[in-house]
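Data first, discussion second: the structure below is written as structure tokens.
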Amino acid sequence: MNQWQIGDVKITRIIEMEVTGGSKFILPDATREACQPMTWMAPHFMDADGNLIMSIHALVVDTGDRRIVVDTCIGNDKQRSIPNWSNLQTSFLEDLAAAGYPRESIDTVLCTHLHVDHVGWNTMLVDGEWVPTFENARYLMAEKEFQYWDSVDEDALNEGVMGDSVRPVVAAGLVDFVDCEYQICPEIQLEPTPGHTPGHVSVHIASAGEEALITGDCIHHPCQMSHTHWCSSADFDAVQGQQTRESLLEKYVDQDVLIIGTHFATPSAGHVKPLDGGGFWLDTARA
């Protein structure tokens, strides 16, 4: 578990899984040979052989008045096309409670987008039915994002996701469809970062003069900071995704804004710095 304090807002990372290697299916350009020269990524984001280290986790944003879960990982008991993501039996809910956030205490769930590894714990299996996990929460989804996934045929990666993790919370009347720049509360506002999906959003946190940004999947791994043209195989629009990534990095480079990656391995956060010769890197010294 990582934890950060941004002014009066506490952000807590709840890990579902953290793995080394096996990322070629999502970042095909990030081969071991291509990554090894980026020595700044070791040891946190890459091992000595150039294998990427990635995490799937949720982030609890606690303002004191609000308890917001950003993205809900893969979930237990779900049939998925990726074998290592199928029929999970993790201690995610127990870990969430141990961090001080039992599921009943969560008042808001925010999905940066509606991919398989960001909505899974929206629901849980009870007596053969998918029911909302966070029964006391409002679930926030960008309206543009939901409309897209509600109208297209599911791809192999996202097969079954709408049926077991999204539509049940809609049917329960717990979902609010929002704009991509929606202000959740005084400290937290959505920031549109399209490309990976049509309605993808990042989450900007500002409190007492301090700032942070939760990326979602506009940046899957810190290697994409140095090579912004390395696009995810799951990108809806790779060109737009690259443009979004570059504009975001240019906006936050050398700024005192903590960048928290939704798939960045421990320590998961840092500050964007320029690289000699172009590109960027993530400085975790003050994470």
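The values are calculated or read from the model by the stated rules, or taken from the named source; none is laboratory data. All figures in this text were calculated on a predicted structure; none of them were measured in a lab. No Cβ is skipped: glycine too gets one built from the backbone with ideal geometry, and neighbour counts run over all protein chains shown.
If a residue has to be crowded, with 19+ Cβ neighbours inside 10 Å and touching a Lys or Arg at 6+ places or on another chain (Cβ under 7 Å) to count, how many in region 89-113 make the cut?
4
Taking strands (runs of 3 or more DSSP E) that do not extend beyond region 238-287, which have at least 3 residues that are in contact with a strand residue (DSSP E or B) (Cβ under 8 Å, 6 or more places away or on another chain) and of a type in the set (A, V, I, L, M)? Don't jump to the end; show me each part of the working.
Numbers: elements: 257-260, 269-274, 280-283.
Per the criteria, 257-260.
Name the single residue that is nearest to residue 251 (Cα to Cα) among those in region 147-176 being touching a strand residue (DSSP E or B) at 6+ places or on another chain (Cβ under 6 Å), crowded, with 16+ Cβ neighbours inside 10 Å and not acidic (Asp, Glu).
Kept after step one, since they are touching a strand residue (DSSP E or B) at 6+ places or on another chain (Cβ under 6 Å), are these residues of region 147-176: 164-165, 168-169, 172, 174-176.
Now restrict to residues that are crowded, with 16+ Cβ neighbours inside 10 Å: 164-165, 168-169, 174-175.
Keeping just the survivors that are not acidic (Asp, Glu) gives 165, 168-169, 174-175.
On the way: 165: 34, 168: 37, 169: 35, 174: 34, 175: 31 Å.
So, considering only residues that are touching a strand residue (DSSP E or B) at 6+ places or on another chain (Cβ under 6 Å), crowded, with 16+ Cβ neighbours inside 10 Å and not acidic (Asp, Glu), the one nearest to residue 251 (Cα to Cα) is 175.
Considering only residues that are acidic (Asp, Glu) and assigned to a strand (DSSP E or B), which ones fall in region 47-87? Outline the logic, then answer.
Keep residues of region 47-87 that are acidic (Asp, Glu), which gives 47, 49, 62, 65, 71, 77.
Once the filter is applied, which keeps residues that are acidic (Asp, Glu) and assigned to a strand (DSSP E or B), region 47-87 yields only 62.
Do we have residue 11 as within 30 Å of residue 186 (Cβ to Cβ) and among the aliphatic types (A, V, I, L, M) here?
Yes.
Please note which strands (runs of 3 or more DSSP E) are completely contained in region 88-166 and include at least 2 residues that are out of contact with any Leu (no Cβ under 9 Å at 6 or more places or on another chain). Don't jump to the end; show me each part of the working.
Working: elements: 108-110, 123-126, 129-132, 138-142.
Ranges flagged: 123-126, 129-132.
Would you say residue 63 is touching a Cys at 6+ places or on another chain (Cβ under 9 Å) and within 21 Å of residue 219 (Cβ to Cβ)?
Values: touching a Cys at 6+ places or on another chain (Cβ under 9 Å): yes; within 21 Å of residue 219 (Cβ to Cβ): no.
Against the criterion (touching a Cys at 6+ places or on another chain (Cβ under 9 Å) and within 21 Å of residue 219 (Cβ to Cβ)), residue 63 does not qualify.
Do we have any residue at all in region 193-207 that's surrounded by 20 or more Cβ atoms within 10 Å (Cβ to Cβ), closer than 16 Å to residue 264 by Cα and touching a residue at least 24 places away in the same chain (Cβ under 8 Å)?
There is at least one residue in region 193-207 that is surrounded by 20 or more Cβ atoms within 10 Å (Cβ to Cβ), closer than 16 Å to residue 264 by Cα and touching a residue at least 24 places away in the same chain (Cβ under 8 Å).
Can you name the condition, by its number, that residue 208 falls short on among (1) over 26 Å from residue 82 (Cα atoms); (2) within 18 Å of the chain's Cα centre (by Cα)?
(2)
Could you run through region 35-54 and say how many residues are in contact (Cβ under 8 Å) with a residue 40 or more places away in the chain and surrounded by fewer than 20 Cβ atoms within 10 Å (Cβ to Cβ)?
Pass one, region 35-54, residues in contact (Cβ under 8 Å) with a residue 40 or more places away in the chain: 35, 38, 40-41, 44-46, 52-54.
Narrowing further to those that are surrounded by fewer than 20 Cβ atoms within 10 Å (Cβ to Cβ): 40, 44.
The number of residues fulfilling the criteria is 2.
Would it be correct to say that residue 12 is surrounded by fewer than 22 Cβ atoms within 10 Å (Cβ to Cβ) and hydroxyl-bearing (Ser, Thr, Tyr)?
Numbers: surrounded by fewer than 22 Cβ atoms within 10 Å (Cβ to Cβ): yes; hydroxyl-bearing (Ser, Thr, Tyr): yes.
Spelling it out, residue 12 is indeed surrounded by fewer than 22 Cβ atoms within 10 Å (Cβ to Cβ) and hydroxyl-bearing (Ser, Thr, Tyr).
Scan region 152-163 and report the pairs whose first residue is farther than 20 Å from residue 130 by Cα and whose second residue is part of a loop (DSSP other than H, G, I, E, B), with Cβ atoms within less than 8 Å and a gap of 6+ or a chain change.
Once the first residue is farther than 20 Å from residue 130 by Cα and sits in region 152-163, its partners that are part of a loop (DSSP other than H, G, I, E, B) give 156/81.
Kindly indicate whether residue 228 is among the hydroxyl-bearing types (Ser, Thr, Tyr), part of a loop (DSSP other than H, G, I, E, B) and farther than 19 Å from residue 35 by Cβ.
Working: among the hydroxyl-bearing types (Ser, Thr, Tyr): yes; part of a loop (DSSP other than H, G, I, E, B): yes; farther than 19 Å from residue 35 by Cβ: no.
Considered against the rule, which asks whether it is among the hydroxyl-bearing types (Ser, Thr, Tyr), part of a loop (DSSP other than H, G, I, E, B) and farther than 19 Å from residue 35 by Cβ, residue 228 comes out as no.
In region 131-161, which residues are in contact with a helix residue (DSSP H, G or I) (Cβ under 8 Å, 6 or more places away or on another chain) and within 22 Å of residue 86 (Cβ to Cβ)?
Across region 131-161, the qualifying residues are 131, 132, 133, 149, 154, 157, 158, 161.
Between a first residue in region 6-25 that is assigned to a loop (DSSP other than H, G, I, E, B) and at pLDDT 95 or above and a second residue that is among the aliphatic types (A, V, I, L, M) and exposed (fewer than 14 other Cβ atoms within 10 Å of the Cβ), which pairs have beta carbons less than 9 Å apart while being 6 or more apart in sequence or on different chains?
7/208; 8/208
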